[in-house]
Amino acid sequence: GHDAGDAMLRQFAAALESTAREADIVCRYGGDEFVVILPETDRPSAERFAARVAEAMDISATAGIAALPCDNLFAAADAELLARKKKR
């Protein structure tokens, strides 16, 4: 139900925060979507970050990753997220 979903979102947010570095920015973007800005991070490192978060939660998670320079960073990340979800 909603309470279980809310608890999972809180746990996920805590996993993001505990995995993030001091310079990283973690925020909730939508109902069940989060944005993490990882300064000075290449794509392979961002993918490892996402894997560490999923491991901390012992869940299967899907991440959309976009790197600068990019004209529309959020649209690029969202498009990758949808593509990865379709592959699952």
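Just so it is clear, none of the values below were taken in a lab; they were calculated from the coordinates. Remember, predicted model here, so these are calculated numbers, not experimental data. Cβ coordinates were reconstructed from backbone atoms using ideal geometry, including for glycine residues, and neighbour counts include every protein chain displayed.
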For region 49-88, the count of residues that are in a loop (DSSP other than H, G, I, E, B), small (Gly, Ala, Ser) and more than 22 Å from residue 21 (Cβ to Cβ) equals 1
In region 1-24, which residues are outside any loop (DSSP other than H, G, I, E, B), under 11 Å from the mean Cα position of the chain (by Cα) and aliphatic (A, V, I, L, M)?
13, 15, 16
Just the residues that are under 17 Å from residue 44 (Cα atoms) and in contact (Cβ under 8 Å) with a residue 24 or more places away in the chain, please, taken from region 62-76.
62, 67
Selection from region 27-41 of residues that are out of contact with any Lys or Arg (no Cβ under 9 Å at 6 or more places or on another chain) and surrounded by fewer than 16 Cβ atoms within 10 Å (Cβ to Cβ)
27, 28, 29, 30, 31, 32, 33, 37, 40
Consider region 27-48. How many of its residues are more than 14 Å from residue 77 (Cβ to Cβ) and either within 12 Å of the chain's Cα centre (by Cα) or not in a helix (DSSP H, G or I) (or both)?
7
Look at region 31-56 and say how many of its residues are under 20 Å from residue 68 (Cβ atoms) and of a type in the set (Lys, Arg).
2
Specify which of the listed residues (5, 64) is touching an Asp or Glu at 6+ places or on another chain (Cβ under 7 Å) and not aliphatic (A, V, I, L, M).
64
